[in-house]
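J.: Submitted below is the structure of interest, expressed as structure tokens.
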Amino acid sequence: TAISVNDFEVLGVIGSGSYGTVKKVMRLKDKKIFVWKELDYSSASESDKQMLVSEVNLLRELKHENIVKYVDRIIDRKKSILFLIMEYCEGGDLASYIAKVKKEGSTVEEQFIWKVCYQLTQAIKECHSRSKYGRSVLHRDLKPANIFLDSQLNVKLGDFGLARVLKHETSFAKTCVGTPLYMSPEQMSGMEYNEKSDMWALGCLLYELCSLRPPFVANNQIELAAKICMGKFDRISKNYSIKLYSLICSLLDVDVEKRPSIEVLLQNSALLNYHASNENNKMQQHQ
Ligand code: ATP
Ligand code: MG
Ligand code: MG
């Protein structure tokens, strides 16, 4: 039988994004904690609703330890609200994490940045594996606010395409909330979003973890677009290794062809080493 909102108790509001509210909820039958995201589709067109359904179906299939787990959905047809029930990430999102580090006047440890990098590449690899899902699943909104941490500070990629589906229908002004700091040069010049644009965003994210600010900042969109297309950014602190810096630089290559795909990035020697030492640790834990 289908679940209903009555199977849950709302514990509180976590926050609101540009198109819905996220609430912390408890499933009554087993007292397990989840979040649900309330998506108002009342102003969506028929074709957008269909797109939403297919995106949700895709999300249900996307199962990976570094991707926020989709649990179930509830549709309130009277109110035109879709409730997406998902894994609760108690460590919050990376935007809050960065803000906290900044406030403390501290920096992010290099080891943690490698962990984020490694786990995000695993999540992106899953998404970009066309054969598995019939098509490549593009994230399209990779930014600190959409990357979550669990209680052990494991990284979980969240908040997929759905935003885009609904934003599509809403006013132009709404889609332009905030400046698109992670937008790639090719998007700026009107090219369609592709896998390499996700890779650019990953570069922006790693840069921001090192510098506590995005690689490209400006007071308005035109200035920002110019900076992004120039592709010039300040060097990150010398406290971080050259290996990390060169990995970030390769991702922030304005030339789409030169920018690594996920398959190429996975061959990065530092990442391979990280993977190897990780496997070693796992084996030692099992012994
Ligand atoms: P945008 O709408 O542009 O994506 P956003 O990412 O800040 O903006 P939401 O995605 O709606 O907004 O998220 C709202 C709040 O809920 C954020 O503070 C986010 O960290 C939190 N949140 C979302 N999903 C989860 C989750 N699975 N676990 C814990 N907190 C979450
Ligand atoms: Mg979000
Ligand atoms: Mg969001």
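The values are calculated or read from the model by the stated rules, or taken from the named source; none is laboratory data. Being a predicted model, the structure only gives us computed values, none of them experimental. With ideal geometry, Cβ positions are generated from the backbone for all residues, glycine too; neighbour counts draw on all protein chains shown. SASA here: full protein model, heavy atoms, side chains in, ligands and nucleic acids out. Shrake-Rupley method; radii C 1.70, N 1.55, O 1.52, S 1.80 Å.
J.: Could you look through the stretch 1-20, keep only residues that are outside any loop (DSSP other than H, G, I, E, B) and among the small types (Gly, Ala, Ser), and pick out the one that is surrounded by the most Cβ atoms within 10 Å (Cβ to Cβ)?
T.: Gly20
J.: Would you confirm whether any residue within the stretch 112-119 is touching a Cys at 6+ places or on another chain (Cβ under 8 Å) and under 29 Å from Ser237 (Cα atoms)?
T.: Yes, the conditions are met somewhere in the stretch 112-119.
J.: What number of residues in the stretch 195-214 are free of Cβ contacts under 8 Å to residues at least 60 places away in the same chain and open to solvent by 10 Å² or more (accessible area, probe 1.4 Å)?
T.: Residues that pass the stated criteria total 3.
J.: For the stretch 255-269, what are the residues that are of a type outside the set (S, T, N, Q) and crowded, with 16+ Cβ neighbours inside 10 Å?
T.: Val256, Arg259, Pro260, Ile262, Leu265, Leu266
J.: Does the stretch 133-144 contain at least one residue that is part of a helix (DSSP H, G or I) and more than 17 Å from Leu244 (Cβ to Cβ)?
T.: yes
J.: Need at least 1 residues that are within 25 Å of Tyr88 (Cβ to Cβ) and modelled with pLDDT under 70 per element, so show me which helices (runs of 4 or more DSSP H) inside the stretch 159-210 make the cut, counting only ones lying wholly within it.
T.: Those helices (runs of 4 or more DSSP H) span 162-169.
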